[in-house]
Each structure stands twice: as C-alpha cells, then as structure tokens.
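*Asks:* The structure under discussion is supplied below as structure tokens; questions concerning it will follow.
The values are calculated or read from the model by the stated rules, or taken from the named source; none is laboratory data. On a predicted model such as this, the values are computed, not experimentally measured, just so you know. Here Cβ is always computed from backbone atoms with ideal geometry, including for glycine, and neighbour counts include all displayed protein chains. Note: areas computed on protein heavy atoms with side chains; ligands, DNA, RNA excluded. Shrake-Rupley method; radii C 1.70, N 1.55, O 1.52, S 1.80 Å.
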Amino acid sequence: MDELRIDNHKLMYHIDRVNAWQKGELIAPIYMEIAPSGACNHRCIFCGLDYMGYKPKFLNTKVLIGAVKSAAKCGVKSIMYAGEGEPLLHKDIARIVDFTNKAGIDAAITTNGVFLDDAIIKKCLKNLSWIRVSFNAATARTYEKVHRCLRGDFEKSLSNLKNAVRYKRKHRLNCTIGVQMLLIPENKTEVVKLAELLRKAGVDYLIIKPFSKHPLSLCDIDKNFDYSKLLYLEKRFREIATKTFRIIFRSHTMEKLKKARPYGHCLGLPFWAYIDAEGDVYACSAYLGNKKFIYGNIYEKNFSDILKSDRRKNILHMSATKLDTHRCREICRLDEINRYLWELKKHSGHVNFI
C-alpha cells in the first residue's frame, strides 16, 4: 500500500550521489524543505515547531528565487515548501513554485488547505509534483479542537481539497493530491471515518502517521500513547483503499517508536537541507533555532557558497562522528536513510555472498 515509499527511503534511486558520498565528496542535497512563511493561521495541538513562535516573517521572493536558481545548478532535485508556518500565506507562493518547476526542480507543498483557493489551484497545481494537506479529523468539532483554528476551516479545507481534485481531473494534471493525518488520542476514533470521507472526496492517498514530540515543543500530547492497540486498523484500511485511493498506515514507524536506533550518529544530513523563514540554511530541521546547525544565510551568501563552505563541512563531520542520535527527535525524517547509510558503512561482512 506504500508505493510512494513514505515509510521508507529512496536513496537507491540516487546511486551516483550515494557513491560520491561514500568517496568522501561534499555532495549537494537531493531534497530540501523551505519555509516561505513563519506565520500560521492554525495552532495545532501537536505542532512540533510551536516553540518557534509562529513569527510573521516571510522570505524575500527575489532572494528565495536566487537560492532556488543556485540550488538547481548545484544538483538539488526537489523542494517541499512547508516549514515553521503555512506556506500559502506567502503572497508570491505561486510565482515561487512556478520558478522552481522551470528551474528543473520537482516542487511540492504541504499545507493546512485553508488558503488552497481557486487562484492557488489554478496557478500552482500544474507546477507541483504533489500537494499534501494536513487534515486531522473527520468532524468539524474535532478538527477545530485539534487544529485550534477558526470555525468553518474544516469545511473550507475539505471544499478546497475537492476543488483541487476536480481541477486536476479536468485538466489531466500529474500533481498527486494527498492528505496526512497525525494519529493522536484526540482523533483516534475518527480515523476510519476520515479515510471514507477522503475516498469520497477523490484524493489520491491518505497518510496516517504517529506522533513524536520535538524535544523543545510546548505541546502536551501524550507521547506514551500506545499505537500497538491500533495496528488492527491496517486490515480495515485495506478494505477502504482502492486502486485510485491509497491509505498509507505507517505501522512500521509506529512499531519503531519504542525501539532504539541501530545507528549512533547521523549520516543522512548531506542529502538534505532546510531553509527557514529568516533565510537560515540548516543541517537539520529538528534543531531549528540552534545556531550550531546553521550553515549560513541566503540573505548574506550565495546558496552555492553555503553548500561548499567549511562550516557545512564541519557541521556534517560533527553530525556523522559526534552527534548522539539517541537524543534526537523520535521518528526522525532521515531515520530510514540513516539505517541504510549506516549499514553501507558498518556492514557485518560477507557482502559479496549476495
């Protein structure tokens, strides 16, 4: 059911970059996340970046486009616009996505969907590989409780999703339209109902993922929530899913929650990067606000120079040799990548007996 490998990794499709990394070369990221906006119209009770304060800051369009142009020349292959805030709050998001696509970089957006109006749909969908809406309940009452949003946002986001599906089908676009639900005690009784609702809406997939608390987050979600009691839902989701509506129930990640990582340090950071709403380029989004993980700032330096800098080399070396990953956030975005790279570096032998 996970044909998109959401609960896995895709480095095997980038052998040249992996080989260069194995040779000790300073490689460019394959994938990046960029926060066009630090502001957000929702205050989700599970937000891992609530400690950042939802600052109403927006990346300068000209500076951001310059960084994207430089990233394309360096070999960056994809960019997801999401970040600390709601990306659709940026007044030039359609222009930014259009430029990203024309620069030869695959573009995607993660959003709460409230501002996914007709204008954004018309301007952006044709330039996106995918768009994913964070939608965490099947009823307006629970949605408003979980998203801590304005009354009516449930209906607005759902309506926008349906409009996006209709527009995609009418114009035969390749953009994949998906939804992600963070499964928590507050919405666990609505997960099946949401799957049925979204199948009817015509979206391409629903991802159901477990909660993991950021070490600095202020939220009080029960991080000891026992997901093993909900694994039975996987069978129900197989019954709901169709050839055109996939349900990716991240049971593999749920099962990993209480297990120790098999790797001691972080090897995956060379393959990705993050730019926050203030222009800082980070090695890892789990350490936003920590200057020790900032490579540089796109307002001050060319993105290409930042990637080639000694500072980036030093941060990557520290992460690969000294960073204690057992203190990092659970369910790290790079967990599967790290497992793969760790095995490449620390294999147990007899590798020629395939």
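*Asks:* Looking at segment 205-215, which of its residues are open to solvent by 30 Å² or more (accessible area, probe 1.4 Å) and modelled with pLDDT of 85 or more?
*Replies:* 209
*Asks:* Right, something else. State the number of residues belonging to segment 284-298 that are of a type outside the set (A, V, I, L, M, F, W, C) and either within 17 Å of residue 74 (Cβ to Cβ) or surrounded by 14 or more Cβ atoms within 10 Å (Cβ to Cβ) (or both).
*Replies:* Total satisfying the criteria: 6.
*Asks:* Return yes when residue 113 is under 24 Å from residue 214 (Cα atoms) and touching a Phe, Trp or Tyr at 6+ places or on another chain (Cβ under 7 Å) and no when it is not.
*Replies:* Here the answer is yes, as residue 113 does meet what is asked.
*Asks:* Here's a follow-up. Looking only at segment 260-293, which residues are without any contact (Cβ under 8 Å) to a residue 60 or more places away in the chain and over 19 Å from the mean Cα position of the chain (by Cα)?
*Replies:* Hits for segment 260-293 are 290, 291, 292.
*Asks:* Further question: Take the residues in segment 260-276 that are in a loop (DSSP other than H, G, I, E, B) and in contact with a His (Cβ under 9 Å, 6 or more places away or on another chain), then tell me which one is least open to solvent (accessible area, probe 1.4 Å).
*Replies:* Out of the qualifying residues, it is 268.
*Asks:* Which residue is most open to solvent (accessible area, probe 1.4 Å), if the candidates are limited to segment 107-152 and must be under 17 Å from residue 36 (Cβ atoms) and of a type in the set (D, E, K, R)?
*Replies:* For segment 107-152, the residue satisfying everything is 123.
*Asks:* Inside segment 217-259, can you point out the residues that are of a type in the set (Gly, Ala, Ser) and open to solvent by 50 Å² or more (accessible area, probe 1.4 Å)?
*Replies:* Answer for segment 217-259, where residues must be of a type in the set (Gly, Ala, Ser) and open to solvent by 50 Å² or more (accessible area, probe 1.4 Å): just 228.
*Asks:* Here is a list: 83, 104. Which entry is open to solvent by 20 Å² or more (accessible area, probe 1.4 Å) and at pLDDT below 95?
*Replies:* 83
*Asks:* I'm trying to understand the selection: among the residues of segment 300-354, which are outside any helix (DSSP H, G or I), touching a residue at least 12 places away in the same chain (Cβ under 8 Å) and surrounded by 13 or more Cβ atoms within 10 Å (Cβ to Cβ)?
*Replies:* Listed by number, the residues that qualify are 302, 309, 323, 328, 329, 330, 331, 332, 333, 334.
*Asks:* For segment 35-54, give me each residue that is part of a helix (DSSP H, G or I) and either surrounded by 21 or more Cβ atoms within 10 Å (Cβ to Cβ) or touching an Asp or Glu at 6+ places or on another chain (Cβ under 8 Å) (or both).
*Replies:* If the condition is that a residue be part of a helix (DSSP H, G or I) and either surrounded by 21 or more Cβ atoms within 10 Å (Cβ to Cβ) or touching an Asp or Glu at 6+ places or on another chain (Cβ under 8 Å) (or both), then 52 is the only one that fits.
*Asks:* Further, regarding this structure: Kindly list the number of the only condition in (1) open to solvent by less than 10 Å² (accessible area, probe 1.4 Å); (2) over 20 Å from residue 84 (Cα atoms); (3) in contact with a Leu (Cβ under 8 Å, 6 or more places away or on another chain) that fails for residue 167.
*Replies:* The single condition residue 167 does not satisfy is (1).
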